[in-house]
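The values are calculated or read from the model by the stated rules, or taken from the named source; none is laboratory data. Because the structure is predicted, anything quoted here is derived from the model rather than measured. Ideal geometry is used to build each Cβ from the backbone, glycine not excepted, and the neighbour counts take in all protein chains shown.
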Amino acid sequence: MDLNWSLLISAIKAGKVIVDEKQRKSLIEKLNLLCRFNQKIAVFGISGAGKSQFINSLGDTLEIPKRTIITDKYRYDLDKFPIEFFDTPGHSARQQERKKVLTDIIKDKFIGIINVVSYGYEENPDAELDIVFDSNKRVKDSFLSANRSAELERISEWLPSIETTKVKWVVNLVNKADIWWENQTEVNKYYSEGHFDKAIKSINNTISVFHIPYCSIIQPYFETNTSGKFGEIDKIGLHKNFLHLLLNLLKT
Ligand SMILES: Nc1nc2c(ncn2[C@@H]2O[C@H](COP(=O)(O)OP(=O)(O)OP(=O)(O)O)[C@@H](O)[C@H]2O)c(=O)[nH]1
Ligand SMILES: [Mg+2]
């Protein structure tokens, strides 16, 4: 049956039941959606931290993303909240692309920022393996700490500019839990205490900051084993935790 919208809306306003309850509910949901603006969220982080894979993980795409060159926008509905994610390129040479998003953040109504980090386990297709691994196929500490420094340095690219914007929160998404899960106490401490936490909270305190663990995909790191202590149930738990937090942030 074709619905006459204006007739229906005035009927709903007047409290008259002219369609069955199921139709009425679905129409109200549609109207609610139409009235809601997209909630814009920028996704920042250095190259290979897993920004694009994080966005994939919210849908049902299993493919491994290619390096992002220009900012891609993705629509996603969370419990009737329409969201628009801005997936920025993390490569250091792509600063101009990220600046465009920052300009939008300054003049537009972005609600939040998701900063993706991975405790130094960034992964890129063009990485030289002898920089990543020692002769025993162990990931080098020097590689991890250089990446962690780059993660910390990168937040200073956007952090000062969001101070006077409409941004209400920053989620520091500590991705790739499947790789670092065995050292979770150390990883949690690294982000939630000390330099990193101090730096990310150095802006005005009306912007809330959350550090949360996440895993976008359980996958070998550069074709080598991950910890093996992290499974699908852990991954689902972290997804639920993230979505729960995001929903609460959207409602406030
Ligand atoms: N093991 C593991 N690998 C991950 C995870 N998230 C992402 N990856 C992998 O890390 C690599 C880089 O992920 P991307 O999502 O392309 O990284 P990005 O941050 O978008 O990188 P740029 O587009 O260059 O800025 C890919 O091979 C991903 O599959 C994760 O949770 N665990
Ligand atoms: Mg990407």
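Odds and ends about this structure:
- Here the stretch 207-225 is the region considered, the condition is being part of a loop (DSSP other than H, G, I, E, B) and over 12 Å from the mean Cα position of the chain (by Cα), and the residue that is nearest to ligand 2 (Cβ to nearest atom) is 217.
- Restricting attention to the stretch 77-98, the residues that are among the aromatic types (Phe, Trp, Tyr) and without any contact (Cβ under 8 Å) to a residue 24 or more places away in the chain total 0.
- Checked against the criteria, residue 233 does not count as over 24 Å from residue 89 (Cβ atoms), assigned to a loop (DSSP other than H, G, I, E, B) and out of contact with any strand residue (DSSP E or B) (no Cβ under 8 Å at 6 or more places or on another chain).
- The residues in the stretch 47-87 that are surrounded by 13 or more Cβ atoms within 10 Å (Cβ to Cβ), more than 18 Å from residue 243 (Cβ to Cβ) and more than 7 Å from ligand 1 (Cβ to nearest atom) can be counted, and the count is 3.
- Residue within the stretch 166-178 that is of a type in the set (S, T, N, Q), touching a helix residue (DSSP H, G or I) at 6+ places or on another chain (Cβ under 7 Å) and touching a residue at least 12 places away in the same chain (Cβ under 8 Å) present: yes
- Test: residue in the stretch 53-61 that is within 13 Å of ligand 2 (Cβ to nearest atom), modelled with pLDDT under 90 and assigned by TED's automatic domain parsing to the domain that holds residue 162: yes
- Residue within the stretch 174-193 that is within 18 Å of residue 85 (Cα to Cα) and part of a strand (DSSP E or B) present: yes
- Residue within the stretch 183-194 that is in contact with a Lys or Arg (Cβ under 8 Å, 6 or more places away or on another chain) and crowded, with 16+ Cβ neighbours inside 10 Å present: yes
- Subset of the stretch 221-237 (residues that are within 20 Å of residue 48 (Cα to Cα) and either surrounded by 11 or more Cβ atoms within 10 Å (Cβ to Cβ) or of a type in the set (Lys, Arg) (or both)): 221, 222, 224, 226, 227, 235
- Identity of the residue in the stretch 127-157, of a type in the set (A, V, I, L, M) and without any contact (Cβ under 8 Å) to a residue 40 or more places away in the chain, that ends up farthest from residue 189 (Cα to Cα): 131
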